[in-house]
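First up is the structure itself, then whatever we jot down about it.
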Amino acid sequence: MIFDIYKLSFKSPLHLSKGKLNSYESSDVTLHSDTIKSALFVSMLQLYNVAEANNFMETVNVSSAFPFNELGCWLPKPLSFSFGALETWDNRKKLKQIKFFTSAQYTQVLNGETPILDKDFLQPKVWKSDITQRVKINYYKDSEPFYLEKLYPENENSGLYFIFLLNGFEAAKLNAAMNLLGDNGFGLQRTLGNGQFEPTKSNLEIELPENSTAWVSLSLYRPKNKEEIGNVLEKSSYQYIKRGGWISSPEHEEHLSIRKQAVMMFTEGSVFGFEERRNSILIKGMKENLRPLWNEEKLHNVYRDGNAIFLPILN
């Protein structure tokens with residue numbers, strides 16, 4: 001199957017918040033699907049109108065962003081995957097560090113095969129890290145020093161990419177939003193030019209299995225209800241992540257310091273034993289409104305998109 005992707009070649013340093021208040025010394029290294037969707041929603045608001053932005057939110061699906069380099073595009077290791085006979089005493093430490101497979105290796109994994117690995121167990125290296133000390137100026141008490149980690153692109157041939165499904169949405173409008181988002185940037189200190197990138201459309205081919213026994217997520221996943229997930233957890237491999245953060249609104253700057261509510265989501269690479277059986281993708285999940293609970297007329301709904309793209313896997 002051939003997927004449409006956007007490659008993001010970063011032109012400036014990046015800091016992705018881990019959602020912890022006043023904590024900047026460590027940047028997240030994963031650009032999650034809900035962050036991508038929310039950032040594009042804001043770009044849609046800036047370019048078009050609320051109706052078009054809502055149409056985008058309801059229609060388009062995205063994966064989280066994964067590494068690419070001169071070896072190609074990489075995808076996250078399914079949490080149910082085992083290296084089997086390769087897990088010797090000598091290899092065990094190195095195999096634990098494998099978090100991604102190339103698209104060719106991923107095709108093997110999805111089809112129930114042990115992937116052919118490089119002799120050095122190579123993994124993609126996208127970022128170089130630099131930590132600097134800064135000072136927070138307080139007008140009513142002493143200034144506070146803090147540390148800030150920034151991620152710099154490893155080289156011009158590496159970056160992040162994500163899969164997108166238009167589902168009938170107008171490609172030109174998504175492309176315009178991507179270009180604007182590239183100028184605005186992701187993460188902390190965007191007004192200083194950080195997090196900016198050059199988006200490039202491309203595609204990615206992955207051979208999907210004919211008769212899947214489970215499904216692996218390429219996005220953060222928020223189930224609609226207990227019925228959707230409750231009867232498959234015993235035959236699933238998964239991890240949780242807490243998602244919250246601050247409101248980002250182009251219309252009301254006074255809301256930028258307001259925290260959203262937080263929700264738990266299943267991470268990328270989680271594998272579920274859904275009963276659907278087909279040689280194609282599966283979309284499951286829901287959007288969660290994280291609007292703060294107090295009543296203010298100007299305060300709009302704030303969504304985290306937990307609709308996930310799943311690929312079939314022979315588990």
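The values are calculated or read from the model by the stated rules, or taken from the named source; none is laboratory data. Just so we're clear, the structure is a prediction, and the values are computed from it rather than from any experiment. Because the Cβ atoms are built from the backbone with ideal geometry, glycine has one as well, and the counts that use them run over all protein chains shown. When the accessible area is computed, the model is the full protein with side chains, heavy atoms only, and any ligands, DNA or RNA have been set aside. Shrake-Rupley method; radii C 1.70, N 1.55, O 1.52, S 1.80 Å.
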Those residues of segment 262-280 which are at pLDDT 95 or above and more than 15 Å from the chain's Cα centre (by Cα), in sequence order: V271, F272
Residue list for segment 156-201, filter: out of contact with any strand residue (DSSP E or B) (no Cβ under 9 Å at 6 or more places or on another chain) and part of a loop (DSSP other than H, G, I, E, B): G168, F169, E170, G193
Checking V216 against (1) among the β-branched types (V, I, T); (2) in contact with a Pro (Cβ under 6 Å, 6 or more places away or on another chain); (3) in a helix (DSSP H, G or I), the condition it does not meet: (3)
Scope segment 234-258; condition over 14 Å from D34 (Cα atoms), at pLDDT below 90 and surrounded by 14 or more Cβ atoms within 10 Å (Cβ to Cβ); matching residues: K235, S249, H255, I258
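Can you pull out the residues in segment 168-179 that are under 19 Å from the mean Cα position of the chain (by Cα) and either over 15 Å from K7 (Cα atoms) or open to solvent by 30 Å² or more (accessible area, probe 1.4 Å) (or both)?
Selection gives N175, N179.
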Search result, residues across segment 88-103 that are modelled with pLDDT under 90, in a loop (DSSP other than H, G, I, E, B) and open to solvent by 90 Å² or more (accessible area, probe 1.4 Å): W89, D90, Q97
Pick from segment 65-87, criterion touching a helix residue (DSSP H, G or I) at 6+ places or on another chain (Cβ under 9 Å) and not in a strand (DSSP E or B), ranking: surrounded by the fewest Cβ atoms within 10 Å (Cβ to Cβ): E87
